[in-house]
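Okay, structure first, notes after.
The values are calculated or read from the model by the stated rules, or taken from the named source; none is laboratory data. Given the structure is predicted, the values throughout are model-derived calculations rather than measurements. Reconstructed Cβ throughout: ideal geometry from the backbone, glycine too, with neighbour counts over all protein chains shown. Please note that ligands, DNA and RNA were not included when accessible areas were found on the heavy atoms of the full protein model with its side chains. Shrake-Rupley method; radii C 1.70, N 1.55, O 1.52, S 1.80 Å.
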Amino acid sequence: MLNLVSAVFGAIVGSFLNVCIHRVPRGESIVAPGSHCPHCKSPIKFYDNIPLISYLLLRGRCRNCRGTISIQYPFVEGVTALSSFLLFLRFGLSWSYFFYFAFVASLIVITVIDLFHQIIPDVISLPGIGVGLLASLIVPDLPFLNSLIGMLLGGGSLFVVATLYQWLFKREGMGGGDVKLLAMIGAFLGWKAVILTILLSSLIGSITGIIVMVAKGKDFKYAIPFGPFLSLGAVISLFYGEKIITWYLYLNQ
Ligand SMILES: [Zn+2]
């Protein structure tokens, strides 16, 4: 029963994340005014604003003007609901659940904004670093020192890579946004998981990059935002990090 509640809670949070995704890059307030249709600007009634269900009932169209509602809305709500559900199964009703759910929710917002706008907003990553460090004082799964080293290692390593890249190729390969995002990931997950995140995101990012280059015939200058890969690597590290590290050490005995 509580598992179901955690999924519903996740869907409601996902609905709020959609508001953040739409408004943060535009510098708008995330609390006021209320939700409105992007086509006809008419306010969305509370009964048309039920996560996932309203989209299905309205068949993805505004009740007033019949303009299409982006698939992004139910998608973000569904992914957030699933994340909440899986984290609740793992951690139960605990500080750890809220800590990691806040983390994954921030990653969802960052991923969608980075995909659409090629930016990672400081207003999410910088407070995220602070929240990760402070919360490590109360979350039993993550000692403060581990969080601090993770933050420095994550931000520091990517800063070195970005600086070297710029020095070698005389153009920006990786933005400062990625550096701050990886510092935030380190603060939330600790130093072991941040190393795993770098390895996984580089691997998945390179494979995707090669596929995109072959499919679209673009060269290396075609910049793919790296934030979504860092986020994906972080989520895999969060759920399977221990297993992957144990398996790797076992192989190298
Ligand atoms: Zn409308």
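Step through the residues of the range 245-250 one at a time and calculate ³J(HN,Hα) from phi using the Karplus curve (6.51 cos²θ - 1.76 cosθ + 1.60, θ = phi - 60°), rounding each to whole Hz and writing x for Gly and Pro.
For the range 245-250, the Karplus-derived couplings read 5, 4, 4, 5, 5, 5 Hz, x marking Gly and Pro.
Counting only heavy atoms of protein chains, what accessible area per residue, in Å², does the chain have with a probe of 1.4 Å?
58
Give the shape of the range 1-100 as rounded, prolate or oblate, defined through the alpha-carbon gyration tensor: a ≥ b ≥ c are the square roots of its eigenvalues, a/c under 1.5 means rounded, and otherwise the shape is prolate if a/b is larger than b/c and oblate if not.
prolate
Taking a temperature of 37 °C and a viscosity of 0.692 mPa s, what whole-number D in µm²/s does Stokes-Einstein yield for the chain with Rh from Kirkwood over alpha carbon pairs?
Translational D for this selection: 168 µm²/s.
Taking amide H atoms as placed 1.01 Å from N in the peptide plane, list the residues 5 or more away in sequence, or in a different chain, whose amide H sits under 5 Å from that of Arg61.
Ile69
Can you list the chymotrypsin sites (Phe, Trp or Tyr not before Pro) in the range 176-241 that are in a DSSP coil and have 13 or fewer other beta carbons within 10 angstrom?
Phe220, Tyr222
Determine, from the Cβ-Cβ distance of Ser206 and Ile245 and an R0 of 22 Å, the FRET efficiency 1/(1 + (r/R0)^6), rounded to the nearest 0.05.
0.55
Over all Cα pairs of the range 67-182, how is the pair count split among 10 Å bins, expressed in % and running from 0 up to the last occupied bin?
12, 34, 34, 16, 4, 0
Relative contact order of the chain: what whole-number percent is it, with Cα pairs under 8 angstrom and at least 6 residues apart?
That works out to 17 percent.
If you line up the long axis of helix 72-91 against the longest principal axis of the chain, both from Cα atoms, how many degrees apart are they, to the nearest 10?
Approximately 60 degrees, to the nearest ten.
Roughly how many Å² of Leu203 are accessible to a 1.4 Å probe, to the nearest 10?
Estimated to the nearest 10 Å², Leu203 gives 100 Å².
Select from Gly130, Ala81, Ala193 the residue farthest towards the positive end of the dipole of the chain; place +1 on Cβ of Lys and Arg, -1 on Cβ of Asp and Glu, and compute about the Cα centre.
Ala81
Against the longest alpha carbon principal axis of the chain, how many degrees, from 0 to 90 and to the nearest 10, is the axis of helix 176-189 turned?
80
How large is the helix-only mean residue ellipticity at 222 nm for the chain, computed as the sum of -39500 (n - 2.57) over DSSP H runs with n ≥ 4, divided by its residue count, in deg cm²/dmol to the nearest 500?
Per the formula, -23500 deg cm²/dmol.
Report, to the nearest 10°, how far helix 2-23 tilts away from the longest principal axis of the Cα atoms in the chain, using its own Cα long axis and a range of 0 to 90°.
Around 90 degrees separate the two axes.
Apply the Karplus parameterisation 6.51 cos²θ - 1.76 cosθ + 1.60, with θ equal to phi minus 60°, to every residue of the range 141-151 and state each ³J(HN,Hα) to the nearest whole Hz, in sequence, with x for glycine and proline.
6, 9, x, 4, 4, 4, 4, 5, 5, x, 5
Ignoring ligands, DNA and RNA, what percent of the 1.4 Å accessible area of the range 1-104 is carbon and sulfur?
The C+S portion of the solvent-accessible surface of the range 1-104 is 69 percent.
Can you grab the distance from the C-alpha centre of the range 1-54 to the C-alpha centre of the range 110-134, Å, no decimals?
19
Percent of accessible area on the range 183-253 owned by carbon and sulfur, 1.4 Å probe?
71
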